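Asker: The structure's right below; bear with me while I get my questions together.
The values are calculated or read from the model by the stated rules, or taken from the named source; none is laboratory data. Remember, predicted model here, so these are calculated numbers, not experimental data. All Cβ positions, even for glycine, are placed from backbone atoms using ideal geometry, and neighbour counts span all protein chains on display. Ligands, DNA and RNA are excluded from the accessible area calculation, which covers all protein heavy atoms including side chains. Shrake-Rupley method; radii C 1.70, N 1.55, O 1.52, S 1.80 Å.
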Amino acid sequence: MNDISSTLGESDSQSSEVLGEVIDLTQVGPELVIPEGIKDTYIQIIYNQALVYIRETLDHIVLLILVYTLLCLVLYKLLFHPFGRWLKVVRKSRLPANCNRALLVTAHPDDESMFFAPTILELRRRNCRVFLICLSEGNFNHQGSVRRQELWDACESLGIRPEDITLLNSTHLQDDPALEWKTVTIANQILKHLEALDANLLITFDKVGVSGHPNHCAIYHATASLCLAGLIPNKCKVLTLESVNLCRKYISILDLPITLLLSTNWAVLSWQSRLAVQNAMRLHRSQMVWFRKLYIRFSRYMVINSLREINQSDVEFEILDS
């Protein structure tokens, strides 16, 4: 019993000493200084923990990218495989049916190959006759005559007849980002050709113009004004090529799932047809600077087009929303 009492007494005295130290520490307050060694240890622990989190996050990101890439490749393969077509899981194209005469309106020679080629090839596959109006001859760098011949060569490779190409050379519609193209001038040209050609499908840029070029955007505003005024023939549908963000723009077929989920109209080319589009773009030799060579390899517009149908109510809503 005496031993137990003495042990308890020692424990109480030790506790009192520790408590006294704690009290002393609390009394120090703001003047308490953490030793430099302990501070370095804390920083090292935090640093090591951060490295662990970063490694785990990167592992998850890499795994996610691999899974997504595999999904894209399988989906792309299904589009053109007989088994996929039999199951009708996905469709390689969804464009307005019963279209036999389509009018494509572009701003410059090379727009048809750089942006619209998947749609052109899909329409030609359906035996739809494609007419092209190019509103300028691309004379910004004084190469108008050269680019004119390049346009004819590229269109021929895409299946557009020479007699179905109209290249304008108007003083009001010169290839120049700084020059404002008048909406009325463009609208008159579009309406005149729509009526003359009896087209039942009109295709052009959306309000962003894919690359943001002012000449591209001007065509959309002219088309929208025709829709708003109710001047587009009732039997003619209007499709605008959807602009996408920079990331989606340069991931080629990896954009396929996003396109199929978000778009109402699209055209997707096989890998072999993609090569035909690249060859058509290369026929615009005067434009083959280094960044366009990269564009040809990585851009989704070489293999995928997604389009949105617009009408009078869509334009009215867009005006109210802006």
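Asker: Sort out which residues of region 215-264 are among the polar types (S, T, N, Q) and touching a helix residue (DSSP H, G or I) at 6+ places or on another chain (Cβ under 9 Å), and write them in order of number.
Answerer: Those that are among the polar types (S, T, N, Q) and touching a helix residue (DSSP H, G or I) at 6+ places or on another chain (Cβ under 9 Å): Asn215, Thr223, Ser225, Thr240, Ser243, Ser252, Thr259.
Asker: Same structure, new question: Tell me yes or no: at least one residue of region 28-46 is basic (Lys, Arg), assigned to a helix (DSSP H, G or I) and modelled with pLDDT of 70 or more. Lay out the reasoning, then the answer.
Answerer: Restricting attention to region 28-46, the residues satisfying the condition of being basic (Lys, Arg) are 39.
Now restrict to residues that are assigned to a helix (DSSP H, G or I): 39.
Next cut, modelled with pLDDT of 70 or more only: none.
No, region 28-46 contains no residue that is basic (Lys, Arg), assigned to a helix (DSSP H, G or I) and modelled with pLDDT of 70 or more.
Asker: One residue is enough: does region 267-275 have a residue meeting the conditions out of contact with any Pro (no Cβ under 8 Å at 6 or more places or on another chain), among the β-branched types (Val, Ile, Thr), buried (at least 19 other Cβ atoms within 10 Å of the Cβ) and touching a residue at least 60 places away in the same chain (Cβ under 8 Å)?
Answerer: No, every residue in region 267-275 fails to be out of contact with any Pro (no Cβ under 8 Å at 6 or more places or on another chain), among the β-branched types (Val, Ile, Thr), buried (at least 19 other Cβ atoms within 10 Å of the Cβ) and touching a residue at least 60 places away in the same chain (Cβ under 8 Å).
Asker: Could you please tell me which pairs satisfy a Cβ distance under 8 Å, a separation of 6+ or placement on different chains, a first residue in region 153-178 that is of a type in the set (Lys, Arg), and a second residue that is in a loop (DSSP other than H, G, I, E, B) and modelled with pLDDT of 95 or more?
Answerer: Close Cβ pairs (under 8 Å, with a partner that is in a loop (DSSP other than H, G, I, E, B) and modelled with pLDDT of 95 or more) do not exist here.
Asker: Which condition does Thr183 not pass, out of (1) open to solvent by less than 10 Å² (accessible area, probe 1.4 Å); (2) among the hydroxyl-bearing types (Ser, Thr, Tyr); (3) under 24 Å from Ile232 (Cβ atoms), if it passes all the others?
Answerer: Only one criterion in (1) open to solvent by less than 10 Å² (accessible area, probe 1.4 Å); (2) among the hydroxyl-bearing types (Ser, Thr, Tyr); (3) under 24 Å from Ile232 (Cβ atoms) is unmet by Thr183, namely (1).
Asker: I need a count of the residues in region 122-141 that are open to solvent by less than 60 Å² (accessible area, probe 1.4 Å), farther than 21 Å from Leu191 by Cα and of a type outside the set (D, E, K, R).
Answerer: Step one: of region 122-141, the residues open to solvent by less than 60 Å² (accessible area, probe 1.4 Å) are 122-123, 128, 130-139.
Next, from what is left, pick out any that are farther than 21 Å from Leu191 by Cα: 122-123, 138-139.
With the extra rule that they be of a type outside the set (D, E, K, R), the set shrinks to 123, 138-139.
Looking only at that region, the number is 3.
Asker: All but one of (1) surrounded by 12 or more Cβ atoms within 10 Å (Cβ to Cβ); (2) at pLDDT below 95 hold for Thr119, so report the exception by its number.
Answerer: Of the numbered conditions (1) surrounded by 12 or more Cβ atoms within 10 Å (Cβ to Cβ); (2) at pLDDT below 95, the odd one out for Thr119 is (2).
Asker: For region 242-322, which fully contained helices (runs of 4 or more DSSP H) count at least 1 residues that are of a type in the set (S, T, N, Q) and at pLDDT below 95?
Answerer: Details: elements: 246-249, 256-262, 271-282, 290-298, 312-321.
Result: 271-282, 312-321.
Asker: Please verify whether Leu75 is closer than 30 Å to Arg300 by Cβ, part of a helix (DSSP H, G or I), open to solvent by 80 Å² or more (accessible area, probe 1.4 Å) and modelled with pLDDT of 65 or more, treating the condition exactly as stated.
Answerer: Numbers: closer than 30 Å to Arg300 by Cβ: yes; part of a helix (DSSP H, G or I): yes; open to solvent by 80 Å² or more (accessible area, probe 1.4 Å): no; modelled with pLDDT of 65 or more: yes.
When the stated conditions are applied, Leu75 does not pass them.
Asker: Could you tell me how many of the residues in region 142-152 are within 28 Å of the chain's Cα centre (by Cα), touching a residue at least 60 places away in the same chain (Cβ under 8 Å) and surrounded by fewer than 17 Cβ atoms within 10 Å (Cβ to Cβ)?
Answerer: So the answer is 0.
Asker: In region 185-210, what residues are touching a residue at least 12 places away in the same chain (Cβ under 8 Å) and in a helix (DSSP H, G or I)? If you could, list the steps in order and put the result at the bottom.
Answerer: Within region 185-210, the first condition is being touching a residue at least 12 places away in the same chain (Cβ under 8 Å), and the residues that meet it are 185-187, 189-191, 193-195, 197-210.
Within region 185-210, Thr185, Ile186, Ala187, Gln189, Ile190, Leu191, His193, Leu194, Glu195, Leu197, Gly209, Val210 meet the criteria.
Asker: Among the numbered criteria (1) at pLDDT below 90; (2) surrounded by 10 or more Cβ atoms within 10 Å (Cβ to Cβ); (3) part of a loop (DSSP other than H, G, I, E, B), which single criterion is violated by Pro109?
Answerer: Tallying (1) at pLDDT below 90; (2) surrounded by 10 or more Cβ atoms within 10 Å (Cβ to Cβ); (3) part of a loop (DSSP other than H, G, I, E, B), Pro109 fails exactly one: (1).
Asker: Output the number of the condition that Asp175 fails; it satisfies all remaining conditions of (1) within 24 Å of Lys92 (Cα to Cα); (2) part of a loop (DSSP other than H, G, I, E, B).
Answerer: So the condition that Asp175 fails would be (1).
Asker: How many of the residues making up region 217-241 are open to solvent by less than 40 Å² (accessible area, probe 1.4 Å), assigned to a helix (DSSP H, G or I) and of a type outside the set (A, V, I, L, M)?
Answerer: The total comes to 4.
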